[in-house]
Structure formats: C-alpha cells, structure tokens
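Quick notes on the structure that follows.
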Amino acid sequence: MQTFTDSQIYFVASLPNIGREKARYAAEIVSDTTQCVINVDDWSKTVHGLGPVISNRVKEVLNQPFREQGGETPLSHKVNRFFKTNLSAFHKQ
C-alpha cells in the first residue's frame, strides 16, 4: 500500500527532469505538495539539483493547456482535482 508521502513524491517526481531524488529534496523544503508546485520559482534557490532550466520547464508544463479526448482542459484544473482528491484524505488524519 502506498502512503500519502509516497504519492506526493511520485507526483512531484513525475514532473519534467525531477525524478525521485529531487522530489525528496523538494519535499524537505516545503510543507506540502501544493506549496511545492506553487513555489516552483524558488526551486533553483532552495532545492539542491533544481536549477532555473528545470524549474522553468516545470512551470511551462504546469501552465500549458492539457488536451484530453473530450477537448482541452487546463492542467491547473487537473492539479487542483488531484490535490482535492488525494490531499483531503491526508489532512483528515
């Protein structure tokens, strides 16, 4: 069974050029996954191994429209839905 921390690390690690090790570094710096994504601009200053090239690529991916079979949906809606679904249970503990 995957823990919430495992799920959060998996989510951040799936972003471009992040991977599990850098996701763990990012998790040590911020309080939760939402703050990690919100503070992507600070990654190059605060997270070991994440420079401006990687953080800019992540910002680009997070801010681009996401195309699904039914049309376009902003990726931010996907991220928000992920957080509401997965982190609401985490905060109840």
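Laboratory data are not the source of any read-out in this text; all were calculated from the coordinates shown. This is a predicted model, so every value here is computed, not measured. Using ideal geometry, Cβ is built from the backbone for each residue, glycine included, and neighbour counts are taken over all protein chains shown.
Look at segment 25-41 and say how many of its residues are surrounded by 14 or more Cβ atoms within 10 Å (Cβ to Cβ) and assigned to a helix (DSSP H, G or I).
Looking only at that region, the number is 9.
Output the residues belonging to segment 7-24 that are at positive phi and in a helix (DSSP H, G or I).
If the condition is that a residue be at positive phi and in a helix (DSSP H, G or I), then Gly19 is the only one that fits.
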